[in-house]
1. Considering each of Pro192, Pro244 in turn, give the residue that is modelled with pLDDT under 80 and of a type outside the set (D, E, K, R).
2. Among Pro173, Pro180, which is the only one that is within 24 Å of Pro244 (Cβ to Cβ), within 16 Å of the ligand (Cβ to nearest atom) and either out of contact with any His (no Cβ under 9 Å at 6 or more places or on another chain) or modelled with pLDDT of 60 or more (or both)?
3. Yes or no: segment 143-152 includes at least one residue that is over 30 Å from Val250 (Cβ atoms), surrounded by 15 or more Cβ atoms within 10 Å (Cβ to Cβ) and of a type in the set (D, E, K, R).
4. Out of all the residues in segment 42-75, which are in contact (Cβ under 8 Å) with a residue 12 or more places away in the chain, more than 20 Å from Lys313 (Cβ to Cβ) and not charged (D, E, K, R)?
5. Please verify whether Gly297 is without any contact (Cβ under 8 Å) to a residue 60 or more places away in the chain and on the phi < 0 side of the Ramachandran plot, treating the condition exactly as stated.
6. Here is a list of conditions, (1) surrounded by 20 or more Cβ atoms within 10 Å (Cβ to Cβ); (2) under 17 Å from Met294 (Cα atoms); (3) within 21 Å of the chain's Cα centre (by Cα); (4) within 12 Å of the ligand (Cβ to nearest atom), and Pro236 meets all of them except one; can you say which number that is?
7. Considering only residues that are under 30 Å from the mean Cα position of the chain (by Cα) and within 14 Å of the ligand (Cβ to nearest atom), which ones fall in segment 257-283?
Amino acid sequence: MNTGKTKYIVFLLYVFAFQQTLLWAQVKTKKAAPDNSNANTNPDYTGYYKKIESYIPDEYSPVKHIRVAVNIFTGPGTMQNTDSTRAAIKQMMLWLNGFYANVDSATYGIAGVPWIKDTKIRFDLDDRLYFYEGTKLYNTSSISVLEKHIAGVDPERLNNLNIYITDGGTAQPHAISPYPNFILQGHTGTHPSSLEGNVAVYISTLFPNYVNSQTLAHELGHALDLLHTYNRACCPETCNASDPEYLYDVFGPNPPADCYEQGRFGCTITPGENTCTNNMMGGNNMLYYYFSPMQIGKLHRALAIKSPRKYVKDDVFDNREYRIKKDETWNFDIRCYSPIVVEAGATLTVTGRILMPEQGEIIIKRGGRLIVDGGTITGAGKKWEGVKIKTSTTALERLFGNNDGLLEIKNDGVIDETTNKGH
Ligand SMILES: [Zn+2]
């Protein structure tokens, strides 16, 4: 054995290991954090991925199923864990989903706005109906207190968009919810400023009825980022037509300073007037409700770039390819529902985080480039189909030079094809 040569190889290995350590130390400091806040001025983000219009579904879009759980805190005089309660909750969920599946036409329509008849969002209870007996919590309406309790019973229950029901010490149904809009503006307090923050809704009832399903449908609208179309105590949409968040298909192209519906709960609708409407985020008792295309887009945007996306079931998939045709930088954190194709001549640079659907893959076409520069690509669920690189297959293609698709991973970038690292 040539010991000189062996020593040399060992030396080389040391140098290699040392270099790797240096590289690793370097890239650690370079790894960028995704930014879904209003401070992100990346034109790819503000010009498309943050825009509500980019998320309006069409008739071929898949329905997004959201995992919800109903948590009932029982006590004297409240609902009890009985078959009739179970049947009533199931009925409430049916009515609730009916509002999201059967969108009514607008009583105050804006010219040229199409009528989207299905929001393509459903709330699935499955068998997640939980009762909490023998506590004093049937008398509270604090989501944070109730959430803490259910986490103590089973932390897995926080993986659902939770609906809390108590009698709240009052016979009046009411509800609160943390709006994702606030969460991403750095809202502190009970709900963390994070994509991992929990979203939940609360209603107060002694037995679920149709009105509760209306209230719940409205509150879940809040949970998915919608604000009020009337201006009452809290949380209206903007009337500023130059704000990208402005719902021009609700309030019209030239809004007055106070663009809101002025009608009170139970007001009388006059078709064609904005004083009182059938909008889901207004305050009316309706058989069916209207959501505008922009409102529906806002719901779906929340399921891509805001915290409620973590409740969408893993198997939601749109098999239509999403094509990257020009250079783009994704420095934000986005959950995708379709395959991504990087076309020839285009470079997709990922410094943020992409969550891919179970059946989704990323295809880099010949002449296309994917650069994972300190970013992360992983599955929204347990797995995804990974990255496929298109290479030259014929002599003719090779003759015109090496134009294979290119994947570059640098600065501690990660492509995680197997495991779920959270949402
Ligand atoms: Zn409300």
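1. After ruling out the rest, the residue left standing is Pro192.
2. From the options Pro173, Pro180, the qualifying one is Pro180.
3. yes
4. Those that are in contact (Cβ under 8 Å) with a residue 12 or more places away in the chain, more than 20 Å from Lys313 (Cβ to Cβ) and not charged (D, E, K, R): Asn42, Tyr45, Thr46, Tyr49, Ile52, Ser54, Ile56, Ile72, Phe73, Thr74, Gly75.
5. Considered against the rule, which asks whether it is without any contact (Cβ under 8 Å) to a residue 60 or more places away in the chain and on the phi < 0 side of the Ramachandran plot, Gly297 comes out as no.
6. (1)
7. Scanning segment 257-283 gives Tyr260, Glu261, Phe265, Asn279, Met280, Met281, Gly282, Gly283.
Residue by residue, here is whether (1) of a type in the set (Lys, Arg); (2) at pLDDT 95 or above; (3) part of a loop (DSSP other than H, G, I, E, B) holds:
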| residue | (1), (2), (3) |
| --- | --- |
| Lys5 | yes, no, no |
| Ile9 | no, no, no |
| Gln19 | no, no, no |
| Tyr48 | no, yes, no |
| Ser54 | no, yes, no |
| Pro57 | no, yes, yes |
| Met93 | no, yes, no |
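The values are calculated or read from the model by the stated rules, or taken from the named source; none is laboratory data. Source: prediction; values computed, not measured. FYI the Cβ positions are ideal-geometry reconstructions off the backbone, even for glycines, and counts take in every protein chain you see.
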